[in-house]
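Enquirer: Quick one: the structure is below, questions incoming.
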Amino acid sequence: MSAKEEILSRITSALRDAPTPEPIPREYRTTSDMPLAELIELLVDRLEDYKAHVDVVDSAQLSATIADRLKDATSFVVPHGIDETWLADATPDGDARRRTDAPGAVLGIPELDSTDAVLTSSAVSIAESGTIVLDGTPDQGRRAISLVPDHHVCVVPASTIVRLLPEALPRMDITRPLTWISGPSATSDIELERVEGVHGPRRLDVIIVKGL
Amino acid sequence: MSNVFMGMPSLPVFGDGNLHIDEPFPAAAHRELGNTQMRANLRHATHTIRDKRLKVVGELPDWEELRDAGAATKNLVMANLPALLEEFEKNFTARGGIIHWARDADEANRIVSDLIKEQDTDEVVKVKSMATQEIGLNEYLEEQGISAFETDLAELIVQLGHDKPSHILVPAIHKNRSEVRDIFLAEMPNVDPNLTDEPRLLAMAAREHLRRKFLSAKVAVSGANFALADSGTLAVVESEGNGRMCLTLPETLITVMGIEKLLPGKEDLEVFMQLLPRSSTGERMNPYTSLWTGVTEGDGPQNVHLVMLDNGRTAALADKYGRTALNCIRCSACMNVCPVYERTGGHAYGSTYPGPIGAILTPLLTGIKSEENSSLPYASSLCGACFDACPVKINIPEILVHLRGEDVDSKRGEKKLPSQMDLMMKGAQWAFSSGKHLGLLEKGLPLGKLAAGRDKKIKRLPGIAAGWTRSRDIPAPPTQSFRDWWKKDHRPAAATTEQEK
């Protein structure tokens, strides 16, 4: 008997009393009618609690804000599907600091390691827990680019913010490689006190864009 | 294969690995209690996390509803495990993942070791995983000439300190910051000799130490927090980014997961990803959660393996009073609130799984007769704090009592003569079976008063009851029973007579 067959047979034997569990009660909150302004306020509060830096801007200010957030970076990577208008101020006339990661032209790990920052968009954000979800679509890129550089500038379009996790999951394609980010890298491993900054990006700048 | 049982019932097959304790809990606890530094560290850490957990749990108006959904989901998973495992395998495999099944610790270790050797490497990076701790994977790999580098900060502290984990979430909880600094200074190559004990600087030293390993590793080994049957998706919940590094950069990823980790589907994450972070680190959400479904071309590992581990889980499932212990999501809230754990620390439990959940899960996985594991269900005052804190409502005190019964029953068979406990229980059965019997016994109360003597204390009881009086006195019993007093002092009023009818 294969290991699989044996384990399945053990399970079936273990369940010979045929337990009949109750249906799953889903009485918890699954919807919310929080107005957008309050959603933004809640998300900002949560992200700042995690020691992320947050800007809330109109779409007209986005390009200038990105340029400002990236001004100290000697190099930064963008995924190939990034909205080029976002970079109008950051990379006037083909800024040499910019590196683009694209299918067929991926940056190696050493290259990413020598890149200061990364700019991505995001798929959906959960205000109540301060969580931003990246799903690897072309404006967010493959997982390595938002992991290896030490500084992540992440754009959150206001239309992608929901209050509750149960509102966010239907917006996720679960089979894509997903990364849920709630603040910069942190640890509670020494005396259970949270300190920011371990292996993931130590600096997280979030730009929430109204009208996007 | 259907869920309806058709064949002959097979005997439960118990688990192996770092689960068998070689010293009874009371003896180990007694020794550990002498470590005052550790007790101070634990007190500080458990109290910090208790306050944080209460604060973030209190923010959610629907916390109890989430717990109800979490408990019901896990019960449903266990009842439908064969079908869900098949569904998961089909979906995970369809997306390019490869599944291996392991009956026990040894089989799992061999599978992982062979997979690593196929990649022509003798080094792996590891994400913290209870399953690989349970099967003793690191020790096995070392025998095979493969170095496994733990990348979680607390695991790193334990590994560098040649120590053992004492907590499932924060394995180095028994060490304070200055002890961590001392370990780093002694064991970490190229460490800054002026390193202070500031946690932020200690975390940065770990970053420097592990960065090259992450960027060059060919193979990573991980556990998994959840597996979604309807999509074949795996999830790892973490804080530091070491998980993301291991799950993203190497070409080969090997995940070891207990068969009980399944959830039916994506919708269930909305419950468990609210329950888990708030219960474990007391955060609204952990910094990073990674989800992957088989292989994604051009993104992350291209060789993706999963080892599905039994190692006694089916034996635990066969115990219908104990099986809900498999619902555990390894949050560690129960140990953080436990008055026994806070004082003895995790090492006293001798198993990969310490604390209240360990006191039930360990003997369920190994069987109550395994070595000294029968002492674990007694490692509790049955105060119930663990049950209140458990996000999936595992009734730990009830299972502790059930396992104590199993222990007593298993030992009864070994002796021909009834034990003192048997005789006392027989006596109690007789006494409490009728009011008349109890009344008769109560006539003997003045005798107890006599035995107590002038200072009105009984200082030594005979036989096994001596265990009780070894550390405390029993006050002298009253001269009359409550019922005698009631009869004399309260002439029954009409109302009470009515009630008594």
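The values are calculated or read from the model by the stated rules, or taken from the named source; none is laboratory data. Worth saying up front: this structure is predicted, and the values here are computed from it rather than measured. We place every Cβ from the backbone using ideal geometry, glycine too, and count neighbours over all the protein chains shown. Just the protein is used for accessible areas: all its heavy atoms, side chains included, with ligands, DNA and RNA removed. Shrake-Rupley method; radii C 1.70, N 1.55, O 1.52, S 1.80 Å.
Enquirer: Using the structure shown, decide if B:VAL307 is assigned to a strand (DSSP E or B), under 29 Å from B:PRO363 (Cβ atoms), open to solvent by 10 Å² or more (accessible area, probe 1.4 Å) and more than 8 Å from chain A (Cβ to nearest Cβ).
Expert: Judged against the criteria, B:VAL307 is not a match.
Enquirer: Within region A:163-200, how many residues are open to solvent by 20 Å² or more (accessible area, probe 1.4 Å) and either more than 7 Å from every other protein chain (Cβ to nearest Cβ) or modelled with pLDDT of 90 or more (or both)?
Expert: The total comes to 9.
Enquirer: Right, something else. Determine whether B:LEU210 is in a helix (DSSP H, G or I) and either crowded, with 21+ Cβ neighbours inside 10 Å or free of Cβ contacts under 8 Å to residues at least 60 places away in the same chain (or both).
Expert: Answer is yes for this residue.
Enquirer: Going by the structure shown, is B:GLY96 surrounded by fewer than 17 Cβ atoms within 10 Å (Cβ to Cβ) and touching a Gly at 6+ places or on another chain (Cβ under 6 Å)?
Expert: Yes.
Enquirer: I'd like the full set of residues that are loosely packed, with under 11 Cβ neighbours inside 10 Å and in a loop (DSSP other than H, G, I, E, B), limited to region B:445-466.
Expert: B:ARG454, B:ASP455, B:PRO462, listed by residue number.
Enquirer: Then there is this: From the list B:SER381, B:SER370, B:SER410, which residue is touching a residue at least 24 places away in the same chain (Cβ under 8 Å), over 28 Å from B:GLN274 (Cβ atoms) and open to solvent by 30 Å² or more (accessible area, probe 1.4 Å)?
Expert: Result: B:SER381 is the single residue among B:SER381, B:SER370, B:SER410 that is touching a residue at least 24 places away in the same chain (Cβ under 8 Å), over 28 Å from B:GLN274 (Cβ atoms) and open to solvent by 30 Å² or more (accessible area, probe 1.4 Å).
Enquirer: While we're on this one: Take the conditions touching a Phe, Trp or Tyr at 6+ places or on another chain (Cβ under 9 Å), closer than 24 Å to B:CYS390 by Cα and either open to solvent by less than 30 Å² (accessible area, probe 1.4 Å) or without any contact (Cβ under 8 Å) to a residue 60 or more places away in the chain (or both) and apply them to B:ALA28. Does it pass?
Expert: no
Enquirer: With a cut-off of at least 1 residues that are acidic (Asp, Glu), name the strands (runs of 3 or more DSSP E) lying wholly within region A:95-212.
Expert: Result: A:98-101, A:203-210.
Enquirer: While we're here: So in region B:242-276, with the set limited to residues that are polar (S, T, N, Q) and within 11 Å of chain A (Cβ to nearest Cβ), which one is nearest to the chain's Cα centre (by Cα)?
Expert: Only one residue fits best here, namely B:GLN274.
Enquirer: Related question: Looking at (1) touching a helix residue (DSSP H, G or I) at 6+ places or on another chain (Cβ under 6 Å); (2) surrounded by 20 or more Cβ atoms within 10 Å (Cβ to Cβ); (3) in a loop (DSSP other than H, G, I, E, B), which is the only condition B:VAL191 fails?
Expert: (2)
Enquirer: Moving on. Let me spell it out: the conditions are (1) open to solvent by less than 10 Å² (accessible area, probe 1.4 Å); (2) within 30 Å of A:LEU169 (Cβ to Cβ), and A:THR115 meets all of them except one. Which number is the exception?
Expert: Tallying (1) open to solvent by less than 10 Å² (accessible area, probe 1.4 Å); (2) within 30 Å of A:LEU169 (Cβ to Cβ), A:THR115 fails exactly one: (2).
Enquirer: Let me ask you something else. Here are some residues: B:SER279, B:SER239, B:SER290. Which one is more than 8 Å from chain A (Cβ to nearest Cβ), farther than 19 Å from B:LEU81 by Cβ and either modelled with pLDDT under 95 or buried (at least 22 other Cβ atoms within 10 Å of the Cβ) (or both)?
Expert: Within the list B:SER279, B:SER239, B:SER290, the selection yields B:SER279.
Enquirer: For B:ASN75, only one of the following conditions fails: (1) outside any loop (DSSP other than H, G, I, E, B); (2) more than 10 Å from every other protein chain (Cβ to nearest Cβ). What is its number?
Expert: Only one criterion in (1) outside any loop (DSSP other than H, G, I, E, B); (2) more than 10 Å from every other protein chain (Cβ to nearest Cβ) is unmet by B:ASN75, namely (2).
Enquirer: Still on this model: All but one of (1) open to solvent by 10 Å² or more (accessible area, probe 1.4 Å); (2) closer than 28 Å to B:GLY58 by Cβ; (3) not basic (Lys, Arg) hold for A:THR131, so report the exception by its number.
Expert: With (1) open to solvent by 10 Å² or more (accessible area, probe 1.4 Å); (2) closer than 28 Å to B:GLY58 by Cβ; (3) not basic (Lys, Arg) applied to A:THR131, the lone miss is (1).
Enquirer: Enumerate the helices (runs of 4 or more DSSP H) found wholly within region A:1-93, keeping only those where 2 or more residues are within 14 Å of chain B (Cβ to nearest Cβ).
Expert: A:3-14, A:36-49
Enquirer: What residue, of B:TYR321, B:TYR353, is assigned to a loop (DSSP other than H, G, I, E, B) and surrounded by fewer than 24 Cβ atoms within 10 Å (Cβ to Cβ)?
Expert: Exactly one of B:TYR321, B:TYR353 is assigned to a loop (DSSP other than H, G, I, E, B) and surrounded by fewer than 24 Cβ atoms within 10 Å (Cβ to Cβ), namely B:TYR321.
Enquirer: Return the residue satisfying two criteria in turn: it lies in region B:35-68 and is modelled with pLDDT of 95 or more and not in a helix (DSSP H, G or I), and of such residues it is nearest to the other protein chains (Cβ to nearest Cβ).
Expert: B:ASP62
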